[in-house]
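Have a look at this one.
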Amino acid sequence: MSITATKALSKPGNITALMVALLTACVAFQLNASMLSPALVTMGEELNASQAAIGLSQTWFFTAAAVFSLFLPRLSDIIGRKKVLLGMMIMMGIGSIISAMAPDITWLFIGRIIQGVSGPTVPLCLIMLRSAVKDPKKYGALMGLITAVNGGIAGIDSFVGGFFAEHFGFRSIFWLMVVIAAIATVLVLVLAGESKPGEGTKMDWLGVFFIVVAVGALLTALNEATKLVGGITTGPLVTSLALAAVAVVAFMAFWAVEKRSSHPMVETVHLRQRSTWAPLLTTTLTMTGIFAVINGIVPAYVQAADPGFGIGATEMSLLILTPYALLGWVFGPITGRLAPVWGYTKMLRIGLLGSLVALAIIGFLGLHSLPWMIAGTVLLGIMYAGTVNIMLNGLGVVLSPEGNPGFLPGMNAGAFNLGAGLSFLVLPAILVATAPLGGQGSYVTVVVVALAITAAAFAASLLVPKPVSAEVAP
């Protein structure tokens with residue numbers, strides 16, 4: 001970006017306009033993930049599909065989001081961040097239209113995969129924001145506001161999703177997504193400035209191919225492995241092992257290409273650094289342990305007549321998802337503002353410890369008592385949605401190498417979506433596998449596994465280095 005363009009974007013009025021555009025884009029993306037949570041049961045009923053199949057449509061959305069997150073931020077450095085963000089909003093709208101008109105589960109899959117192109121929306125918006133806001137404290141607060149959307153749109157999305165599903169059917173939710181995507185497209189087009197710091201650099205498409213194959217094969221292998229729960233062994237086992245082998249070979253090829261390329265997608269020296277692999281590992285483990293609990297397991301349990309509490313989708317959204325998301329929205333800007341002063345990694349670890357307490361409350365008290373369940377999700381809203389999610393997104397930006405600003409945010413977005421996909425693969429599979437325990441036994445088991453994975457995420461967070469350049473004295 002030129003000096004003139006940077007100064008222009010730094011003006012208060014232009015920052016406000018940019019924030020409006022970026023927030024709307026993030027809202028449009030978030031609807032794809034959170035608004036459907038209270039509608040999963042309704043979707044299964046209207047499409048005559050099992051909850052396992054509906055859950056798989058969620059998995060494929062996050063798989064696609066993970067794959068596109070790997071390279072679109074880097075591509076945006078080269079051809080223009082605004083241009084790439086516009087393209088993602090358009091594809092999101094197209095995918096929403098297909099999903100709204102889906103006659104069966106297959107077309108729903110297609111629509112959700114196309115929506116997945118928008119996967120790196122939040123990190124791309126954060127990159128655009130950082131290029132316009134140089135003050136660490138101001139950037140931290142604005143980063144927190146944008147990233148808080150990732151935990152839900154102040155609870156409105158969950159409430160509206162539940163209300164629409166209950167009164168108008170799940171298709172109405174996708175049509176609403178179409179409208180918001182169209183608004184986001186117009187606002188980004190009119191209000192956002194263009195920046196392409198890597199202009200003139202060649203895109204490493206061979207490297208992109210191999211890393212996409214590696215991640216795609218790995219996620220598909222894990223998906224096949226979950227079928228082993230149903231007692232089918234030979235086919236899924238062979239397929240998952242073969243795909244895992246493909247993933248390993250593709251990653252080795254990616255590494256070899258990056259070492260020899262004159263314009264690598266990512267320099268291998270960066271992949272070896274703790275500032276790269278530690279935050280990526282922490283993000284993946286955190287999402288795997290928490291995401292499906294709050295966006296799938298808990299909403300389904302609360303709505304189930306036995307052994308849950310038997311409440312409707314709208315009431316569930318008001319009691320569970322809305323407070324969770326609202327507190328994430330409120331605390332996001334606060335923790336974002338504190339991060340440059342207290343320390344990004346310190347805030348991350350506080351949030352992870354609080355998330356462990358919240359999961360324990362949900363698993364050991366909330367399954368027996370609706371008030372305790374609400375208390376657990378409220379605490380998770382503060383500690384995960386309002387703290388951990390903010391820090392993980394922020395670290396992806398502030399720890400990225402100066403010469404390749406789109407690299408780590410893109411990889412981190414891939415880790416977010418990879419973890420979300422893994423969460424919807426692993427935790428529901430455990431729920432099915434432990435069903436013979438009866439009653440609440442299988443749900444307790446799932447939460448215990450989620451606690452173990454989140455504890456591993458906390459351990460990984462201890463390895464994340466301090467982003468000194470993004471922090472200031474109190």
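The values are calculated or read from the model by the stated rules, or taken from the named source; none is laboratory data. Quick caveat: nothing in here was measured; it's all calculated off a predicted structure. So basically every Cβ, Gly included, is an ideal-geometry build from the backbone, and we count neighbours across all protein chains shown. With ligands, DNA and RNA removed, areas are computed over all heavy atoms of the protein, side chains included. Shrake-Rupley method; radii C 1.70, N 1.55, O 1.52, S 1.80 Å.
If you average the C-alpha positions of the stretch 245-313 and of the stretch 63-86 separately, how far apart do those two centres end up, in angstrom?
17
Using heavy-atom solvent-accessible surface (probe 1.4 Å) with all chains present, what is the largest-first order of Lys259, Lys138?
Of Lys259, Lys138, the descending order of accessible area is Lys259, Lys138.
Additional query: Heads up, I need the accessible area for Lys202: 1.4 angstrom probe, whole protein in place, Å², nearest 10.
Rounded to the nearest 10, that gives 140 Å².
What is the distance, in nm, between label points placed 7 Å from the Cα along the Cα-to-Cβ direction at Ser369 and at Leu463?
3.9
From largest accessible area down, sort Ile183, Ile156; use a 1.4 Å probe on the protein chains.
From most exposed to least exposed: Ile156, Ile183.
Tilt of helix 274-292 relative to the longest C-alpha principal axis of the chain, in degrees (0 to 90, nearest 10)?
Result, in degrees: 30.
Let me ask something additional. For the chain, take the longest principal axis of its alpha carbons; what is the angle in degrees between that and the long axis of helix 105-115, to the nearest 10 within 0 to 90?
Helix 105-115 and the main axis of the chain meet at about 20 degrees.
Can you give me the angle between helix 205-226 and the longest principal axis of the chain, using Cα atoms only, in degrees from 0 to 90, rounded to the nearest 10?
The helix 205-226 is inclined about 10 degrees to the chain.
So for Leu321, Leu326, what's the accessible-area order with a 1.4 Å probe, most first?
I get Leu326, Leu321, largest accessible area first.
Please list the radius of gyration and Dmax for the stretch 161-279, considering alpha-carbon atoms only, with Å as the unit.
21.2, 57
Rg to Rh ratio, the stretch 75-216, alpha-carbon atoms and Kirkwood radius?
On the Cα set of the stretch 75-216, Rg over Rh gives 1.01.
Can you give the relative contact order of the chain as a percent, counting alpha carbon pairs under 8 Å and 6+ residues apart?
24
How much length, in nm to one decimal, is gained on full extension between Glu46 and Ala305, taken as 0.36 nm per residue of separation minus their Cα-Cα distance?
91.3 nm
Any chance you could run the full-extension gain for Thr201 through Lys83? It's 0.36 nm times the residue separation minus the Cα-Cα distance, nm to one decimal.
40.8 nm
Obtain the nm distance between the two label points defined at Val330 and Asp104 by a simple spin-label model: each point lies 7 Å from its Cα along the Cα-to-C-beta direction.
The two pseudo-label positions are separated by 4.7 nm.
Once R0 is set to 30 Å, what does the formula 1/(1 + (r/R0)^6) return for the Cβ-Cβ distance between Leu437 and Ala242, expressed as a FRET efficiency to the nearest 0.05?
According to the calculation, E is roughly 0.40.
With a 1.4 Å probe and every protein chain left in place, tell me how much accessible area Trp175 has, in Å² to the nearest 10.
110
Next question. Once Rh is set to the Kirkwood radius over Cα pairs, what Stokes-Einstein translational diffusion coefficient, in µm²/s, holds for the chain at a temperature of 37 °C and a viscosity of 0.692 mPa s?
149
Leaving ligands, DNA and RNA out of it, work out the accessible area of His368 with a 1.4 Å probe and give it in Å² to the nearest 10.
120
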